[in-house]
Structure formats: C-alpha cells, structure tokens
Amino acid sequence: MNVLHDIPAELTPGAVTQHGEDPDWWRGAVIYQIYPRSFQDSNGDGIGDLRGITQRLPYVASLGVDAIWISPFFTSPMLDFGYDVSDYKDVDPMFGTLADFDAMTAEAHRLGLKVIIDLVISHTSDQHPWFVESRQNQTNPRAEWYVWADAKPDGTPPNNWLSIFGGSAWEWDTSRCQYYLHNFLTSQPDLNFHNEEVQAALLDAARFWLDRGVDGFRLDTINFYFHSISLKDNPPLNPEKRNASIAPAVNPYNHQSHLYDKSQPENLDFLRRFRALLDEYPAATTVGEVGDAERSLQIVAEYTSGGDKVHMCYSFDFLSPERLTPRRVRQIIETFESEAPDGWACWAFSNHDVVRHASRWADQVSDRDSFLRMTASLILSLRGSVCLYQGEELGLTEAVLDFASLRDPYGIRFWPTFKGRDGCRTPMVWDHGNTYGGFSTDKPWLPVPPEHMHLSVADQEGHSQSLLEHYRQMLAFRAGHDELVKGDIVFVADQGTVLVFDRVLDASTMRVAINFGETPATIGIDTKGFAPVQAPGPHGQARDGELSLPPYGSWFALRQD
C-alpha cells in the first residue's frame, strides 16, 4: 500500500472522528508519538511542521494506531525546543499557523485518529508575558505567579534543590532581588501552582485546545507541578538507590531524595480540577509523564486511580537503560497492578527523551531485527495503553552525533559522558533515494544518519518480513482481540528467558508466552483447553505439557471458559 503521496493541507476543520464519542476509547489505545521538528518538512526550511504531519497522516493511519501525540508546537524561543512555552494559545511560526493545526486535526479525524497534544504547564519560558510581568517587582498583579524566594542571609539560594539540567534549581533575578525556581533550564521558570489564578489560567489554556477539537493532552512532568511551601532541603539519597533513568548518571540531581521539590500531595487536588474540565468533553483523555526515580509506579498509581484524576500515566521504568528481562517486566507490571488495581498505565519503550530501545537494548543482541519484533509483540500484549515513538516501527537506532551537531542543551551541558537527546530526535526516514531521507529538500536541523537510510518506509513497506510490516500485523492482531486491548493481566511464569501471562476478559483468556532469548527455550506449562491463535512472528509449539519457543518466538492461545 502506497501511503506516501501528498495531500492538501487546506482541509475543512470539524471532520468527525471514527471513534465517535466513546469515553473509554483511550483504554488500551495505541498512541503514535510525533516529534514535529523531525517528522516531515513541508516548506524546505529543514524543520518539520504541521503541514508535514498532515501530509504523512495516511501513513500513520495505515499502521493501525488509534491516536497521535504531537510534541510541543506552541510559540517558543526554542531554547528547549518547544518545552519552553511563551504562548499557550498559538502555534510557533516555524511549525505553521492555527489554521494549519485545524487542518491537521480535521485530517486526523477523517482518518479515524484521535489527536493528543503536549501540554507543558509546570513551567514556562522566561519570555512568556506572565513571567515578564512577574519579574518586574514584588507587587505587580502576577508577582506570585512563579516561585520566588529570598536569598539566605549569606546571599546563597534558599535551599539545596537542584535542576535536572545541572546546578542549582534557583536563579538570581536582579529586578526583584530574589531567586526564582527552575527545575530545568534557567530560562524555564517554574509556575507557582499554589496560586489559584495560575491554575485557572492553565485550565483556560487547556480549554482553548479542547474547544479547537483536540482529543486530549500528554501532560509533561506531571509530578513537578507543586513544590513544598516549606522550601526544606532535600535529604541525600543513599548511593545504591540512585537511578539514572530521570537524569544522566553524571548529574548530581541523582544524589538527592526529591521529597520537597516535586511529587507533592497538593497535586492530587489540581489533577481532580483538570479531570473535571476534561469530563466536560466526553471523549477527551490525559496521559501524564511521571519523572521520579524512587517511587514512579506508586505515583502513577496515585494519579490514575479513582477515576477522578488523569486517565493514564507513563513512567521511566521501561525507558531506563536497565536490561529487559522477563523478571523485570513482571516486576514492573505487578507493582503497578498491586498499587492501582483500578488505575491505568501507558507503556513505552522509546520516546523523545531517551536512547532508542533499538540501541539501548538491541545493541546487546546478535539479531537486532528479531529482537525488535519480539519487543513489539511484547509491548502490544501488555495490559495498558501503548505509546510508539516515530521511527520505532522502522527499527531506527540511536544516532551518534559529534559535538558540533548537537542542539540539545541537556546534551551540551553533560557532554561527553552523556550525549543528550539529539540522537533519538533525528529526522524520520521516508525514502533512501532522497538526499535527506525524504524528510526535507534542504539540510535538516539535525543530520539524517546514513545508517538509517536503508531502514526507510519505502524500503520496508510491502515486505512481509520487515519490522514495519510486523508492527502493522501485530497492531491488527491486537485490535482483533479485545483480550489484548482491555483485558486484565495475570502472570503465569517467568522462567529463564520466557515470560508467560494471561489476558483475561470476561469468559475469554488469551495466554501469551514470549521468549526474550536468542536461543530456543522450553518451559513446562499447562496448555490444556487453549487453542493456538496465529500471531505475527515465529511461533511456539505446545505438546504434552511443554511449550517450545524458537529464538524471540511467541505463542498466543485462546481459551473460552
């Protein structure tokens, strides 16, 4: 199927989504993440844009996903590439216009895709009019819209809180002669969520996009919204408990237990306010990003339980460098299930902030393609919704860039030990016959790695054994079995390289067995009453109480009780 043709961006907004008004569509949905700077450039400036996304939506729809999540496209000075917002209600000119956004949303809905957009509300750009006013003096109408604090008597910052981007989380401002809090870049001041006016303004921004037709939000750094008013110092963290999944190991941020600068209990009430707004739009949803190395799954459970906060969250447990094993998968899923039996998770193996799993995990194996087929089958069989990151379905690896090519301030700050996030943000490759992989007609903002060219969509499309077609087949298989979409999960065994679990929906049970290893594996297991179901990838065989699985193979079977 050829889905690479151009389509006009001038479409009439308001097309009806094929999902209708099902308020539960998000439960078990597969969401395709688009990093707009690197997806498709429509005007030849080397930077992806909204019209480019519109042109490529038929391809996204052809995968069989349910929704797209678009990383920030709001007006921004782009010091953190859109995660430093200076206007929540407009599109940055490099990405297009509000009319382009409307056209993109209409085309997505025409194709049956929901549209989720990134909402970055824990902080703004220092160029946002709110901060420009707030920093003028200590008496202006927005003086308390950001987190300001006096210096200690010796002039040092109010406490020991650290920024994820390195150094103190406090920056001195000469206009107010006070420090302001920034958990990220100094140009990203933190909003003061203890201020009711701030909450109201942010909810108003969310309503603006809901009224414009979006189907939900991915909430960036959702557990960073509130800080402790006490401004107590964070205690040190025991070295053996340090986890580099949130910040690179070379960052002293990992040396603290972040008890007071994030993950505060007041956040629950704000999330309830946010959910109340969403509930005015019956089919709208939320995906929260939880960044906490010490108790991420517990926070995901808190935020998604009860049906009155966010619909689903993802953490960094599957985004960390730690090796993927059956035991680890079971531990992560069972921890979440025990913490939040009525909650809902959204799992991801790759995204715009971490090393692509095609390198992070697959560099350790001899048969990368087979391993990646296995991980696709795995994530699309787990209980929860799923986020797939652009190019994941092609097997794109982490690009190795030299220092001169870096654009990410995070990578520049911690070079050379930590290479930053540019390696997972390089342009999508559509056609190897084009100088820039079909992404642009001009030099892209990040280079297109030569090793990605042979992995292009054009190279893989229509080839039954390609990774791209495996994703399509597995997505269709998932969609055809409600047990995999909305069923409960019960683990049966994790033995050596084999993981076995059941997905249970009403009287139907889908048993799933997956071999994580590159050699054949056999496990003793009861398969009585289960009828094998043809699924993508190499298949196992059940006989006389034993299940034999080929390298990276799987076995899917149904039982009707």
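How many of the residues making up region 240-284 are outside the structural domain of residue 307 (by TED's automatic domain parsing) and assigned to a helix (DSSP H, G or I)?
The number of residues fulfilling the criteria is 6.
Suppose we filter 82, 112 for residues that are on the phi > 0 side of the Ramachandran plot and surrounded by fewer than 20 Cβ atoms within 10 Å (Cβ to Cβ); which single one remains?
112
Name the single residue, out of those in region 170-195 being touching a residue at least 40 places away in the same chain (Cβ under 8 Å) and in a strand (DSSP E or B), that is surrounded by the fewest Cβ atoms within 10 Å (Cβ to Cβ).
Checked region 170-195; the qualifying residue surrounded by the fewest Cβ atoms within 10 Å (Cβ to Cβ) is 178.
Consider residue 457 carefully, then state whether it is outside the structural domain of residue 49 (by TED's automatic domain parsing), of a type outside the set (Asp, Glu) and within 28 Å of residue 553 (Cβ to Cβ).
No; evaluated as a whole, the condition is false for this residue.
Looking only at region 34-88, count every residue that is hydroxyl-bearing (Ser, Thr, Tyr) and assigned to a loop (DSSP other than H, G, I, E, B) and tell me the total.
Residues meeting the conditions: 6.
Tell me, yes or no, whether region 196-205 has at least one residue that is of a type outside the set (Lys, Arg), within 22 Å of the chain's Cα centre (by Cα), part of a strand (DSSP E or B) and at pLDDT 95 or above.
Within region 196-205, not a single residue is of a type outside the set (Lys, Arg), within 22 Å of the chain's Cα centre (by Cα), part of a strand (DSSP E or B) and at pLDDT 95 or above.
Looking at region 301-321, can you tell me whether even one residue there is touching a strand residue (DSSP E or B) at 6+ places or on another chain (Cβ under 6 Å), assigned to a helix (DSSP H, G or I) and either in the same structural domain as residue 451 (by TED's automatic domain parsing) or surrounded by fewer than 20 Cβ atoms within 10 Å (Cβ to Cβ) (or both)?
Yes: one or more hits.
Out of 485, 492, 457, I need the residue that is under 24 Å from the mean Cα position of the chain (by Cα) and under 30 Å from residue 527 (Cβ atoms). Which one?
Unique residue meeting the criteria: 485.
Which of the residues spanning region 462-511 are on the phi > 0 side of the Ramachandran plot and either in a helix (DSSP H, G or I) or in contact with a helix residue (DSSP H, G or I) (Cβ under 8 Å, 6 or more places away or on another chain) (or both)?
Scanning region 462-511 gives 462, 496.
For residue 438, indicate whether it is surrounded by fewer than 20 Cβ atoms within 10 Å (Cβ to Cβ) and either farther than 30 Å from residue 249 by Cβ or among the charged types (D, E, K, R) (or both).
No.
Could you tell me which residue of region 402-412 is nearest to residue 444 (Cα to Cα), considering only residues that are more than 23 Å from the chain's Cα centre (by Cα) and assigned to a helix (DSSP H, G or I)?
The qualifying residue nearest to residue 444 (Cα to Cα) is 405.
Can you tell me which residues in region 303-343 are acidic (Asp, Glu), at pLDDT 95 or above and over 21 Å from residue 493 (Cα atoms)?
Once the filter is applied, which keeps residues that are acidic (Asp, Glu), at pLDDT 95 or above and over 21 Å from residue 493 (Cα atoms), region 303-343 yields only 308.
So is residue 293 assigned to a loop (DSSP other than H, G, I, E, B), at pLDDT below 95, within 18 Å of the chain's Cα centre (by Cα) and surrounded by fewer than 23 Cβ atoms within 10 Å (Cβ to Cβ) or not?
Taking the combined requirement at face value, the residue satisfies it.
Please go through (1) at pLDDT 95 or above; (2) assigned to a helix (DSSP H, G or I); (3) not assigned by TED's automatic domain parsing to the domain that holds residue 90 for residue 232 and return the number of the only condition it doesn't satisfy.
With respect to (1) at pLDDT 95 or above; (2) assigned to a helix (DSSP H, G or I); (3) not assigned by TED's automatic domain parsing to the domain that holds residue 90, residue 232 is out only on (2).
Considering (1) touching a helix residue (DSSP H, G or I) at 6+ places or on another chain (Cβ under 6 Å); (2) β-branched (Val, Ile, Thr); (3) not in a loop (DSSP other than H, G, I, E, B), say which one residue 121 fails and leave the rest.
The failed condition is (3).
The values are calculated or read from the model by the stated rules, or taken from the named source; none is laboratory data. This one's a predicted model, so the numbers in the text were calculated from it and none came from an experiment. Here the Cβ is made from the backbone with ideal geometry for all residues, glycine too, and neighbour counts use every protein chain on show.
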